[in-house]
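Readers should treat all values here as calculations from the given coordinates under stated rules, not as data from a laboratory. Note that this is a predicted model, so its numbers are computed, not measured. All Cβ positions, glycine included, derive from the backbone under ideal geometry; neighbour counts span all protein chains shown.
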Amino acid sequence: MFSFKNIFRHIWPHINKYKFSFYLLFFTQTVRVFTSVLLPPIILKNILDLLSNGGDRMQNSAVLFHYIFLLSAVIILGYFMNRITGSATTYFQSNVMRDLHNYAFEKLTKHSYNFFTNQFAGGLVAKTKRFVRGFETMHDLLIFEFYVTFLSVVGIFYVLFREVPKIAVAFMIWAVVYVIFTLFFVKYKMKYDLLEAEADSKVGGSLADVISNIVTMKIFSARSSEIDRYKEVTEDEKKHRSNAWYWGNIQDAAQGVFMVSINISILYMLAHSWVDGLVTAGVFVLVQSYMVNLFDKLWGIVKAMTKFVKASTDMKEVTDIFDQVPEILDPEKPEKLKIKNGHIEFKDVCFEYIEDREVFSNFNLDIKSGERIGLVGHSGSGKSTITKLLLRFSDVTKGSILIDGQDIKNIKQDDLRSAISYVPQEPILFHRTIKENIAYANPKAKNKEIVEAAKQAHAHDFISNLQYGYDTLVGERGVKLSGGERQRVAIARAMLKHAPVLILDEATSSLDSISEQYIQEAFNKLMEGKTTIVIAHRLSTIQKMDRIIVLEGGKIAEEGSHTDLIDKNGKYAELWNHQVGGFIE
């Protein structure tokens with residue numbers, strides 16, 4: 001359900017930070033209405049009456065030049081108000097828009113890992129940009145359309161009631177009917193604007209999805225099918241946009257009828273009043289000038305209301321996300337991080353991704369400080385789920401996970417993850433320099449430490465051979481590097497973190513045999529004194545682990561050293577004997 005109050009709740013704190021410039025704009029626009037809308041027609045009316053009264057020109061010249069001087073002063077004052085308005089608007093909007101970008105980033109990044117797996121990255125980017133641009137549009141409309149129109153209408157009607165009350169009454173009745181009709185129509189059209197905004201987000205999301213998977217599309221020769229899929233999305237957007245524009249055209253036509261009818265009626269009333277000697281030529285021109293101004297304002301206000309609603313619907317998409325309670329929350333009173341040794345305990349853990357489909361039920365696992373364990377099992381056995389729960393990408397349904405006796409739900413997520421180094425199977429790098437990507441684990445690291453970490457990960461040689469060395473930009477998601485090079489940069493990043501817990505999700509899978517040998521040696525050194533969990537798809541990588549845990553259906557089927565498990569001739573031995581090229585099928 002649409003609520004401008006909810007949008008305002010999110011943007012007001014950022015507006016309030018710059019309240020002086022915000023309220024200054026109302027002052028300058030108030031002066032501008034007087035200097036450009038209300039006073040010039042009144043002064044011109046007096047000049048016209050003076051010129052048409054047939055009096056002595058010499059006697060009237062002093063009064064005439066007085067009026068001209070007054071009109072000149074009004075015009076100059078209006079010019080200076082416009083310059084102040086421009087500067088205040090630039091300062092206010094640029095600061096608030098920057099703050100809203102930062103606010104949106106902070107709110108979005110609070111959401112859990114699972115939230116982002118269910119969203120189009122491009123859709124979120126498009127929504128965030130529309131949120132900030134929506135504020136810019138709404139502020140412009142508020143100050144330069146709604147407020148100016150309100151002051152203009154009030155001021156014009158005040159003058160008209162003093163000069164031609166009969167015409168003022170007729171005009172006011174018409175204006176009330178016109179505004180009621182407009183509000184009704186804008187409210188009716190809002191649902192079409194909402195549908196158009198949603199369709200636009202889908203177009204942006206679909207485009208980003210294909211671009212981020214462009215290699216997959218080309219490998220599977222799926223360009224034609226993706227073009228057809230994209231055409232379906234853009235066709236849906238066209239349909240909703242056409243509906244919104246169709247009702248906009250009807251609105252324009254109805255407005256035109258309103259404007260023409262009142263314009264002709266007022267002209268006839270003025271003409272009869274002049275014939276009867278009730279109004280002067282100056283009043284005739286005054287009323288006509290005000291009518292032209294009012295028609296312009298009232299015509300524009302409908303367009304402004306439509307734009308305002310469109311901007312509101314654009315902002316609503318993101319504020320709805322802001323209002324979603326993140327799936328994973330930090331405790332209200334977090335404990336101070338006490339993790340130093342890395343003793344991990346899963347106690348009676350229950351977890352389900354989908355209701356009534358449990359992955360773990362009363363699962364227990366104890367990993368001693370400094371112990372190196374390997375997790376093996378078929379897909380769906382729970383290997384990756386263990387790391388997600390340990391990193392709090394998801395929370396347990398029941399039970400608890402302790403590290404060094406501290407429940408991980410009692411500490412901040414950032415504090416927890418600062419104590420864990422994680423190298424995924426498919427490392428994703430930022431479109432930044434290699435140096436920045438490695439130092440991401442420790443922004444305060446010195447160049448010497450960064451180079452040392454790269455050497456330990458056997459990445460230094462290939463980095464040094466690049467044209468810009470450590471200052472090489474790696475491209476979006478690291479696409480300028482090979483899979484093995486990306487993996488080695490990710491490993492160097494983990495080495496620089498110096499966390500007591502290390503998780504390797506088959507971190508050598510993208511390396512050739514020679515590189516893997518070097519990396520394995522580096523890992524042996526890296527694992528010293530750290531609690532290490534290795535998710536193994538290639539069983540040869542975990543033969544030297546202290547303990548190997550075989551998972552099946554969310555339960556521990558077997559555990560022991562490689563030799564012990566082979567001798568048992570059970571599940572692990574079966575996996576070992578049936579693996580192809582060293583991988584579990």
| field | the chain: relative contact order as a whole-number percent, Cα under 8 Å and 6+ apart | value | 14 percent
| task | Find, among the chymotrypsin sites (Phe, Trp or Tyr not before Pro) in region 185-218, those assigned to loop by DSSP (not H, G, I, E, B) with at most 10 other beta-carbon atoms within 10 angstrom. | result | none
| query | Which of Leu50, Tyr18, Val96 sits closest to the plus end of the dipole of the chain, meaning its Cα is farthest towards the positive end, when Lys and Arg get +1 and Asp and Glu get -1 on the C-beta? | reply | Leu50
| message | Charges at C-beta only: +1 for Lys and Arg, -1 for Asp and Glu. How large is the resulting dipole of the chain about its Cα centre, in Debye rounded to 20? | response | 1620 debye
| said: If I require 27 Å or longer along the helix axis, counting alpha carbons, and a Kyte-Doolittle average no lower than -1.0, what helices from the chain are left? Use full DSSP H segments. | reply: 57-109, 121-141, 165-212, 223-275, 281-323
| field | Positive-end extreme of charge dipole, the chain - chosen from Ile503, Ile321, Asn569 (charges on Cβ) | value | Ile321
| query | Can you give the calculated 222 nm mean residue ellipticity of the chain, where each DSSP H run of n ≥ 4 adds -39,500 (n - 2.57) and the sum is split over every residue, rounded to the nearest 500 deg cm²/dmol? | reply | -21000 deg cm²/dmol
| Counting other Cβ atoms within 10 Å, which trypsin sites (Lys or Arg not before Pro) in region 393-427 have at most 16 and lie in a DSSP loop? | Lys412
| note | Cα gyration tensor of region 1-137 diagonalised, 5x eigenvalues square-rooted, in angstrom largest first, produces semi-axes 53, 14, 11
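Charges only on Cβ, +1 for Lys and Arg, -1 for Asp and Glu: so what's the dipole of region 4-323 about the Cα centre, in debye to the nearest 20? Walk me through the intermediate numbers first.
Values: 33 positive and 26 negative charges, 106 e Å.
Its charge dipole is roughly 500 debye.
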| task | Over all alpha-carbon pairs of the chain, lay out the pair-distance distribution in 20 Å bins, whole %, shortest bin first. | result | 15, 35, 25, 16, 8, 1, 0
